[in-house]
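What follows is one structure encoded as structure tokens, with my remarks underneath.
The values are calculated or read from the model by the stated rules, or taken from the named source; none is laboratory data. Not measured: the values here are computed from a predicted model. Cβ sites come from the backbone with ideal geometry, for glycine too, and all protein chains shown count toward neighbours. Ligands, DNA and RNA are excluded from the accessible area calculation, which covers all protein heavy atoms including side chains. Shrake-Rupley method; radii C 1.70, N 1.55, O 1.52, S 1.80 Å.
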Amino acid sequence: MAGRGVQRLLWHSYVALGGSALRTSPRWLCIPATQKKSDGKNLEEDQSQNQSEQKAELTTADKTLMEEKSKLEDQLKEMNDKYIRALADTENLRQRSQKLIEEAKLYGIQAFCKDLLEVADVLEKATASVPKEEIRDENPHLKNLYEGLVMTEGQIQKVFRKHGVLKLNPLGAKFDPYEHEALFHTPVEGKEPGTIALVTKVGYKLHERTLRPALVGVVKEA
């Protein structure tokens, strides 16, 4: 009897402890699951928030990069334009300098040639003033003088041609205001108006530039 009583007491104690454990165990089992769900939700929210922040940061960074790119492109375009203009200015300066050098080579003797024109005029007048009938063997001094003047005049004209100085004797040619200077206009029968009827003084050109215009009389309509 005593043994049975002890067994019953132990059984009731076991049942009581087992029942308490069974009643309390679901709570302990549910708490970790709830925490897991809450932690998972918070993690997803954190990840979503981080992604949103990263996207915002990327958007701001992209915008900044695009602005910097646009500024750099504008600066590059401006520098390229300045470079092209500088090249054009340099080329224009080079061409102008080359032209000035060439003109200096061609026309550097212009003032000297103008002074020599007067000498050529004097020689021409001197030879023209000698009567042709007086030039004969019976008058050797005059003949020798005349021949010397003619030779000197020919030599100076040869030097002129060597350096690009050309004589202008436009008798019968069309009047050109760039090469001729009209002293008078007069009607001349049988000649076309606007042509040169008389040359009172020959002109000269240095290459393509008029050193001295020829002094002429121009035909006009009657």
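On a 18 Å Cα-Cα criterion, which of the cross-link pairs Lys114/Lys205; Lys125/Lys191; Lys125/Lys201; Lys167/Lys191; Lys114/Lys201 come out too long?
Beyond 18 Å: Lys125/Lys191; Lys167/Lys191.
For Lys77 and Lys162 in one chain, what is 0.36 nm times their gap in residues minus the Cα-Cα distance, to one decimal in nm?
Full extension from Lys77 to Lys162 adds 25.2 nm.
Express the C-alpha Rg of region 46-175 as a ratio against the empirical globular expectation 2.2 N^0.38 Å, rounded to two decimals.
Here the Cα radius of gyration is 2.82 times the empirical estimate.
To the nearest 10 square angstrom, what accessible area does Phe184 show with a 1.4 Å probe?
Roughly 80 Å² of Phe184 is accessible to a 1.4 Å probe.
Given a 1.4 Å probe and the protein chains all in place, what does the accessible area of Tyr146 round to, in Å² to the nearest 10?
Approximately 40 Å² for this residue.
Express in nm, to one decimal, how much length is gained between Asn139 and Arg94 on full extension, taking 0.36 nm for each residue of separation and deducting their alpha carbon distance.
9.9 nm
Taking the full set of protein chains and a 1.4 angstrom probe, give the accessible area of Leu117 in square angstrom, rounded to the nearest 10.
0 Å²
Once both labels are modelled 7 Å past Cα along the beta-carbon direction, what's the Glu67-Val122 spacing in nm?
Here the answer is 8.5 nm between the modelled labels.
Starting from 0.36 nm per residue, how many nanometres of slack lie between Gln155 and Glu221 once their C-alpha separation is accounted for?
19.7 nm
Could you sort His163, His180, His207 by their accessible area in this structure, using a 1.4 Å probe and putting the largest first?
In descending accessible area the options line up as His163, His207, His180.
Straight distance only, please: which lysines reach the Cα of Lys82 with their own Cα at less than 30 Å, same-chain residues fewer than 8 apart left out?
Straight-line reach from Lys82, under 30 Å: Lys63, Lys69, Lys71, Lys99.
Treat each spin label as a single point 7 Å out from the Cα along the C-beta direction, and report the Ala104 to Asn169 distance in nm.
3.7 nm
Using a/c under 1.5 as the rounded threshold, could you call region 136-222 rounded, prolate or oblate? The axes a ≥ b ≥ c are square roots of the C-alpha gyration tensor eigenvalues, and prolate needs a/b larger than b/c, oblate otherwise.
It comes out oblate by the Cα gyration axes.
Taking K and R as +1 and D and E as -1, what net charge do the other residues with C-beta under 13 Å from the C-beta of Gln98 add up to?
+1
Would you report the distance distribution of C-alpha pairs in region 79-120 as whole percents per 10 angstrom bin, up to the bin with the largest distance?
Spelled out per bin, shortest first, that is 26, 26, 21, 14, 9, 4.
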